[in-house]
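Enquirer: Below you'll find the structure I mean.
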Amino acid sequence: GASVMVYQLGYLEFLGLEALAPAGGSLFWISPSVALAVLVGLGLDYDIFLMDSVMEHWQSGKDGKSAVVTSLDQAGTIISAAGIIMFLAFGALLASTTPVLNQIGFMLCVGVLLDCFVTTKVTIPCLMALVPDDANFWPLKQSATRELAIGREPSFGLEGIGQPPGFRRSLSWKWKYGVALEHLGHTI
C-alpha cells in the first residue's frame, strides 16, 4: 500500500528525492516479491526470538500473561535495536540510482518498522495474552521426543522444574503421541 502511494501515485514527490519519485507510473514486478521474501524471514526471526523467551518463562512457572509481559520487557529492546539496524541497512538501498533497488529498499524499510514496532511489540503479545493457559501449546524438545521413542514418559519442562502450573493431561501420552511415533517407525 505505501509503495503504491509513493511509486505510483507520487505522494512523496514533493520532497524532491529521486529515490521516492514515481518510476514509469508502476512498481517493478520483482520489488514486492523480493521484499516479501526478506520480510517474512526477518519477521519470523524476531517472532521466534520473542516466542522462545515466552516459552522459557512459561515453563519456569509463570502464567501466560506474565510470561508475555516479562519476555516483552527482556526481548523488546533487542528486537527494537535489531529493527533499527535493519532499517538503516535497507535504507542504504534508497541511495541507489536504480529505481528497482529504491522500491525494494522502501518496501523493506516500511516492512521492518511495521514488523518491529507494531506486529512483534503490540499485535502478537496482545493476542498471546488473550489465549488462556490451557489452550497454549508448546512443542516438545528433542529430549522429550527421545523419551517418547524409547517408551518412557517425558518430563514437560526445563531440567528439574517439572510440569508448568495448570498443565493438564487430558489424554494419556501414549495415545497422543503414539501415532506420530509409529509413523516414525517406533512401537510403544
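The values are calculated or read from the model by the stated rules, or taken from the named source; none is laboratory data. Everything numeric in this text was worked out from a predicted model, so none of it was measured. Neighbour counts run over all protein chains shown; Cβ positions are idealised from the backbone, glycine included. In case anyone asks, the SASA skips ligands and DNA or RNA and just uses the protein heavy atoms, side chains included. Shrake-Rupley method; radii C 1.70, N 1.55, O 1.52, S 1.80 Å.
Enquirer: For segment 69-89, which residues satisfy the criterion of being open to solvent by 30 Å² or more (accessible area, probe 1.4 Å) and within 30 Å of Ser26 (Cβ to Cβ)?
Expert: Result: Met86, Phe87, Leu88, Ala89.
Enquirer: Another question, then. Go through segment 17-30 and give me each residue that's open to solvent by less than 30 Å² (accessible area, probe 1.4 Å) and either assigned to a helix (DSSP H, G or I) or closer than 19 Å to Ala135 by Cβ (or both).
Expert: Ala19, Leu20
Enquirer: Show the residue pairs that are 6+ apart or on different chains and have beta-carbon atoms under 7 Å apart, the first residue being within segment 47-67 and within 14 Å of Leu127 (Cβ to Cβ), the second being open to solvent by 20 Å² or more (accessible area, probe 1.4 Å) and among the polar types (S, T, N, Q).
Expert: Cβ pairs passing all conditions: Gly64/Asn136.
Enquirer: Condition check: at pLDDT below 85, under 14 Å from Phe106 (Cβ atoms) and open to solvent by 60 Å² or more (accessible area, probe 1.4 Å). Does Tyr7 satisfy that?
Expert: For Tyr7, the condition - at pLDDT below 85, under 14 Å from Phe106 (Cβ atoms) and open to solvent by 60 Å² or more (accessible area, probe 1.4 Å) - is not met.
Enquirer: Another one. Would you point out which residue out of Ser33, Ser66 is of a type in the set (S, T, N, Q) and surrounded by 13 or more Cβ atoms within 10 Å (Cβ to Cβ)?
Expert: Step by step, each of Ser33, Ser66 is checked, and only Ser66 is of a type in the set (S, T, N, Q) and surrounded by 13 or more Cβ atoms within 10 Å (Cβ to Cβ).
Enquirer: Right, something else. If Thr97 meets every condition in (1) touching a helix residue (DSSP H, G or I) at 6+ places or on another chain (Cβ under 7 Å); (2) surrounded by fewer than 14 Cβ atoms within 10 Å (Cβ to Cβ); (3) among the polar types (S, T, N, Q) apart from one, which number is that one?
Expert: (1)
Enquirer: While we're here: Sort through Gly91, Gly83 and tell me the only one that's assigned to a helix (DSSP H, G or I) and either touching a residue at least 40 places away in the same chain (Cβ under 8 Å) or under 14 Å from the mean Cα position of the chain (by Cα) (or both).
Expert: Sole residue among the options that is assigned to a helix (DSSP H, G or I) and either touching a residue at least 40 places away in the same chain (Cβ under 8 Å) or under 14 Å from the mean Cα position of the chain (by Cα) (or both): Gly83.
Enquirer: Condition first: polar (S, T, N, Q) and in contact (Cβ under 8 Å) with a residue 24 or more places away in the chain. Now tell me which residues in segment 10-41 satisfy that.
Expert: Ser31
Enquirer: Are there any pairs with C-beta distances below 6 angstrom linking a residue in segment 97-113 that is farther than 18 Å from Gly10 by Cα and in contact (Cβ under 8 Å) with a residue 40 or more places away in the chain to a residue that is open to solvent by less than 20 Å² (accessible area, probe 1.4 Å) and in a helix (DSSP H, G or I), with the two at least 6 apart or on different chains, and if so which?
Expert: Leu108/Ala35; Val112/Gly83
Enquirer: Among the residues of segment 114-131, is there at least one that is in a helix (DSSP H, G or I) and farther than 29 Å from Asp63 by Cβ?
Expert: yes
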